[in-house]
Amino acid sequence: MPERRTVALVTLGCARNEVDSEELAGRLEADGWELVENAENADVAVVNTCGFVEAAKKDSVDALLEANDLKDHGRTQAVVAVGCMAERYGKELAEALPEADGVLGFDDYADISDRLQTILSGGVHASHTPRDRRKLLPISPAARQSAGAEVALPGHAPVDLPEGLAPASGPRAPLRRRLGGSPVASVKLASGCDRRCSFCAIPSFRGSFISRRPSDVLGETRWLAEQGVKEVMLVSENNTSYGKDLGDIRLLETLLPELAEVDGIERVRVSYLQPAEMRPGLIDVLTSTPKVAPYFDLSFQHSAPAVLRAMRRFGDTDRFLELLDTIRAKAPQAGVRSNFIVGFPGETEDDLAELERFLNGARLDAIGVFGYSDEEGTEAATYDGKLDEDVVAERLARVSRLAEELVSQRAEERVGETVQVLVESVDGEEGPYGRAAHQAPETDGQVLLTTAEGLRAGQVVEAKVVGTQGVDLVAEPLQGTLPCSEEAAR
């Protein structure tokens, strides 16, 4: 009988990393590894790291050190780093953090079982020397699909897999194993990014933009629905570019209605949209297609023209407000969220006031604010005009206070609205709660329901908003109505 091998995956960072972890889990389970939830019960703890900003990198290092401590008093024998930080730094991370028994890059994912077995057996797998992954694919988007088969693209495993490799969940099973029971799951739409924002290092270690085939996205969504998923969230570094390497920049507009028709799926959500690439047709589909959430995760980053140009981005306050007016004219209840960087090199007080003007006029449902810090390898790290850390911290605190006030006001505007709530829990410490169409998982607040009677996780119910708690809504399920999923079934 084969020796029992156990592995736990610890995932940090964004939803894209969560998809990558579930692909790794699928590969490992297909090769006979037993997946366990807690690292202390695993022979090998695999930490899927984030390498985006300094705080995320620190969290990743802390998670690796915490997992390493388990080797002294638990079952854990090895700790392995994967993910963006591991890909970005490779040998450098391995040398700086000897507590990690292995540092594996994206090219190791296809052979993850062999790599872990080597490390678990006391062997050494040499960590890679990082390279600019943008150079692995052709410059021309149209030439990337054929070349993509030779490049590691986490989260892009095809759905039609050889017999014996896919998890035993059905004929359309992807190389993926769910690591939780949430009624929400993310699906990779694409990987990489062709934009050259001066503050962002992601393209260098995630590579150039490449779309997944629509058939794979659809097949994976059908498989997730069979697993009980009710909402799929499409993720990538830039969803508005989907299809450009497949010969159809409007491919997302045709794919979304097909995803919404998948049996069992109650909501389709699109994340990571670039304001400069928003098209009238895409806005129409996002605001008018049944089961597609009128949700706009728009990457504004700032609104002062001088700062945006230094970031190598486009737009300004008035154009951004016009875009929001266009969206809300079509769907008044549409949800909008965005992130912003303050303290960018050269940012003046007038620039900051312009950003505040935009925030006051934008009526955003969720706002993330970050203070600028140099990211090695980025153009902005070479800029003059760096602001003192104290100035950046003061501006971060100032805009964060404003953001907190504004999203609370926006929540209050929704009192009296009827919302479709996907129930996520009915018996937690917080009481029954879920999310409306304008709320993405973990980032945008939630809906606290006034009663759990007749509710179960995974239902979609109509509820009337009766109050707020900061960014969260308090809503009362409408009496005399069936959960939406049951009405649809009739």
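From the list ALA67, ALA78, the lone residue that is without any contact (Cβ under 8 Å) to a residue 60 or more places away in the chain, surrounded by 15 or more Cβ atoms within 10 Å (Cβ to Cβ) and more than 23 Å from ARG16 (Cβ to Cβ) is ALA78. Among all residues of the range 427-436, there is none that is surrounded by fewer than 20 Cβ atoms within 10 Å (Cβ to Cβ), out of contact with any Gly (no Cβ under 6 Å at 6 or more places or on another chain) and of a type in the set (Ser, Thr, Tyr). The numbered conditions (1) within 16 Å of ARG115 (Cα to Cα); (2) out of contact with any helix residue (DSSP H, G or I) (no Cβ under 7 Å at 6 or more places or on another chain); (3) surrounded by fewer than 23 Cβ atoms within 10 Å (Cβ to Cβ) are all true for ARG27 except (2). The set of residues in the range 209-240 that are small (Gly, Ala, Ser) and open to solvent by 10 Å² or more (accessible area, probe 1.4 Å) comprises SER215, ALA225, GLY228.
Looking at LEU104, LEU64, LEU70, LEU120, can you tell me which residue is modelled with pLDDT of 95 or more and at negative phi?
On the way: LEU64 fails: modelled with pLDDT of 95 or more; LEU70 fails: modelled with pLDDT of 95 or more; LEU120 fails: modelled with pLDDT of 95 or more.
The match here is LEU104.
One residue stands out among those in the range 438-461 that are of a type in the set (Gly, Ala, Ser) and open to solvent by 30 Å² or more (accessible area, probe 1.4 Å): the one that is nearest to VAL421 (Cα to Cα), which is ALA457. Note on the range 13-53: residues that are small (Gly, Ala, Ser), farther than 20 Å from PHE205 by Cβ and not in a helix (DSSP H, G or I) total 3.
ARG176 passes every criterion in (1) under 23 Å from ALA293 (Cβ atoms); (2) modelled with pLDDT of 95 or more apart from (2). Among the residues of this structure, LEU282 does not count as one that is within 22 Å of the chain's Cα centre (by Cα), open to solvent by less than 20 Å² (accessible area, probe 1.4 Å) and more than 26 Å from ILE202 (Cα to Cα). In the range 83-120, the residue that is farthest from ALA157 (Cα to Cα) out of those that are in contact with a Pro (Cβ under 9 Å, 6 or more places away or on another chain) and of a type in the set (Ser, Thr, Tyr) is TYR89. Residues of the range 221-235 that are acidic (Asp, Glu) and farther than 25 Å from ALA436 by Cβ: GLU226 alone. Contact map, the range 337-357: first residue among the aliphatic types (A, V, I, L, M), second residue open to solvent by 50 Å² or more (accessible area, probe 1.4 Å) and assigned to a loop (DSSP other than H, G, I, E, B), Cβ cut-off under 9 Å, separation 6 or more or different chains; the map is empty. I'm checking my understanding of the structure. Among residues of the range 306-316 that are assigned to a helix (DSSP H, G or I) and touching a residue at least 12 places away in the same chain (Cβ under 8 Å), which one is surrounded by the most Cβ atoms within 10 Å (Cβ to Cβ)? The qualifying residue surrounded by the most Cβ atoms within 10 Å (Cβ to Cβ) is VAL307. Among the residues of the range 81-127, those identified as free of Cβ contacts under 8 Å to residues at least 24 places away in the same chain and among the β-branched types (Val, Ile, Thr) are THR118, VAL124.
One line per residue, one yes/no per condition, for (1) closer than 23 Å to LEU406 by Cβ; (2) open to solvent by 10 Å² or more (accessible area, probe 1.4 Å); (3) under 21 Å from the mean Cα position of the chain (by Cα); (4) not assigned by the TED database to the domain that holds PRO441:
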{"residue": "ILE265", "(1), (2), (3), (4)": "no, no, yes, yes"}
{"residue": "MET278", "(1), (2), (3), (4)": "yes, yes, yes, yes"}
{"residue": "GLN333", "(1), (2), (3), (4)": "yes, yes, no, yes"}
{"residue": "VAL336", "(1), (2), (3), (4)": "yes, no, yes, yes"}
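Residues that are open to solvent by 80 Å² or more (accessible area, probe 1.4 Å), modelled with pLDDT under 80 and either in contact with a helix residue (DSSP H, G or I) (Cβ under 9 Å, 6 or more places away or on another chain) or not in a loop (DSSP other than H, G, I, E, B) (or both) within the range 130-167 comprise just one, ASP160.
Okay, residues lined up against (1) more than 20 Å from CYS84 (Cβ to Cβ); (2) at pLDDT 90 or above:
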residue	(1), (2)
ASP20	no, yes
ALA25	no, yes
LEU28	no, yes
LEU35	yes, yes
ASN41	yes, yes
THR49	no, yes
LYS58	no, no
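The values are calculated or read from the model by the stated rules, or taken from the named source; none is laboratory data. These numbers come from a predicted model, not from an experiment. As a convention, Cβ positions derive from the backbone with ideal geometry for all residues, glycine included, and neighbour counts pool all protein chains shown. For the accessible areas, the whole protein counts, side chains as well, though only heavy atoms, and no ligand, DNA or RNA atoms are used. Shrake-Rupley method; radii C 1.70, N 1.55, O 1.52, S 1.80 Å.
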